[in-house]
Amino acid sequence: MAEAFFTGTSGILCLALLIDALVGDPPRVWNRLPHPVVLFGRAIAWGEARLNDPALPDAERRRRGVLLLTVLLTGAAAAGWLLHRAVSGLPYGWLLEAAIASVFLAQRSLYDHVRAVAVGFGEDGLAGARKAVSMIVGRDPERLDEAGVCRAAIETAAENFSDGVVAPAFWYLLGGLPGLLAYKALNTADSMIGHKNARYLDFGRASARLDDFANFVPARISAVLFWAAAFALPDADPAASYKATFRDARKHRSPNAGWPEAATAGALGLRLAGPRVYGGETVEDAWMGDGRAEANPGDILRTLSLFRLACLALMLAVVLIGLLFL
């Protein structure tokens, strides 16, 4: 029974989650080799530079954006299938597949990047925290006060738990390595060309909409996992997390980001999101939660505790799914 579990999709995913939590993205490896997500980014940038001509009609730019996305996802899924075929016939191939899958999960790297903001406060004050948060958000850090830096870090942990941890796990369960790699390629495309500005509004429309679809269920699962985590965290409030989610999540400009952010805000008694400045332009967004907007470095550490418990809840859920379908 144990062998059947660990060689099945759920068992491999559990191992991948464990490997990622323990190892993350070792600099010794990825300083020497290009990370697969970096390769996706290069392919997207290459295709966008050749296909996205601002002089073309809007409809043609949308068509070309669909073409790039189709080629990208087909290539990513094919690469995933080839990797699966390559390792499936090897001794301990299931362990090799778990190691490959762990590369596309972001528990450890997300935790480390968000923790670096709290560490920055302790070592160099606001200047150190601004430098650390600039590595994970697109906002101008010089325009953020202490509370703004803290909220930015907390929101990053919440939102990226969904699209950096839960969504890859979800699509691996549904589609194995082909589904996982296709999702990561799509998510990378959305982050690069899925913007609502003059250059990308039409060309990146397909990427943005398909990414919203791909994250629809994972975002809501993420909220549930934060509710579960709030039960285990002594100073968190699971009832407030549940209430804030259903009251505020749909107010967010993103159809998905509001779910994990509202769940986190409610659990920790904070207010997240709200008006923010990107590239000199203010984005008017609704507040998630009805607690304190004046977040502090201690709240970052509380968020990381909630994040760890949510990751554990995800792993336990995957184990349960695997046992049910043995």
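The values are calculated or read from the model by the stated rules, or taken from the named source; none is laboratory data. Please read these numbers as outputs of a predicted model, since none were measured by experiment. When we count neighbours, we look across all protein chains shown, and the Cβ atoms used for this are built from the backbone with ideal geometry, even at glycine. These accessible areas exclude ligands, DNA and RNA; they are computed on the full protein's heavy atoms, side chains included. Shrake-Rupley method; radii C 1.70, N 1.55, O 1.52, S 1.80 Å.
Brief remarks on what is shown
- Qualifying residue in the stretch 183-199 (condition: assigned to a helix (DSSP H, G or I), farther than 30 Å from ALA55 by Cβ and open to solvent by less than 10 Å² (accessible area, probe 1.4 Å)): yes
- Index of the failed condition, ASP25 passing every other in (1) in a helix (DSSP H, G or I); (2) within 23 Å of GLY176 (Cβ to Cβ): (1)
- Among residues of the stretch 112-128 being touching a Leu at 6+ places or on another chain (Cβ under 7 Å) and crowded, with 19+ Cβ neighbours inside 10 Å, the one that is nearest to ALA152 (Cα to Cα) is VAL114.
- Every residue from the stretch 202-253 that is among the aliphatic types (A, V, I, L, M), under 30 Å from ARG50 (Cβ atoms) and without any contact (Cβ under 8 Å) to a residue 24 or more places away in the chain: ALA208
- The stretch 129-182: number of residues that are surrounded by fewer than 23 Cβ atoms within 10 Å (Cβ to Cβ) and of a type in the set (Asp, Glu): 4
- Within the stretch 299-312, the set of residues being small (Gly, Ala, Ser) and surrounded by 19 or more Cβ atoms within 10 Å (Cβ to Cβ) comprises ALA310 only.
- Checking the stretch 232-248 against the condition returns no match, with no residue being surrounded by 15 or more Cβ atoms within 10 Å (Cβ to Cβ), in contact with a Pro (Cβ under 8 Å, 6 or more places away or on another chain) and of a type outside the set (D, E, K, R).
- Selection status of ASP248, closer than 27 Å to ASP212 by Cα and not in a helix (DSSP H, G or I): no
- Hey, ALA273 more than 20 Å from the chain's Cα centre (by Cα) and open to solvent by less than 10 Å² (accessible area, probe 1.4 Å) or not: no
- Qualifying residues in the stretch 200-212 (those that are of a type outside the set (S, T, N, Q) and either on the phi > 0 side of the Ramachandran plot or outside any loop (DSSP other than H, G, I, E, B) (or both)) - the one most open to solvent (accessible area, probe 1.4 Å): ARG209
- Selection status of LEU72, open to solvent by less than 60 Å² (accessible area, probe 1.4 Å), modelled with pLDDT of 95 or more and either of a type in the set (Lys, Arg) or more than 17 Å from TYR183 (Cα to Cα) (or both): no
- Residue in the stretch 33-44 that is touching a residue at least 60 places away in the same chain (Cβ under 8 Å) and among the charged types (D, E, K, R) present: no
- Qualifying residue in the stretch 137-154 (condition: small (Gly, Ala, Ser), more than 19 Å from the chain's Cα centre (by Cα) and at negative phi): yes
- Subset of the stretch 39-65 [open to solvent by less than 70 Å² (accessible area, probe 1.4 Å), closer than 24 Å to PRO178 by Cβ and out of contact with any Gly (no Cβ under 8 Å at 6 or more places or on another chain)]: PHE40, GLY41, ILE44, ALA45, GLY47, GLU48
- Scope the stretch 281-299; condition closer than 13 Å to ALA236 by Cα and part of a helix (DSSP H, G or I); matching residues: ASP299
- Matching helices (runs of 4 or more DSSP H) fully within the stretch 55-174 where at least 3 residues are in contact with an Asp or Glu (Cβ under 6 Å, 6 or more places away or on another chain) and farther than 20 Å from ASN187 by Cβ: 58-88
- Checklist (1) more than 30 Å from GLU48 (Cα to Cα); (2) free of Cβ contacts under 8 Å to residues at least 60 places away in the same chain applied to PRO260, failing item: (2)
- The condition (being among the aliphatic types (A, V, I, L, M) and at pLDDT below 95) is satisfied by just one residue among LEU312, LEU316, LEU320, LEU306: LEU320.
- Counted residues, the stretch 152-200 - those being farther than 25 Å from ALA118 by Cβ and of a type in the set (Val, Ile, Thr): 2
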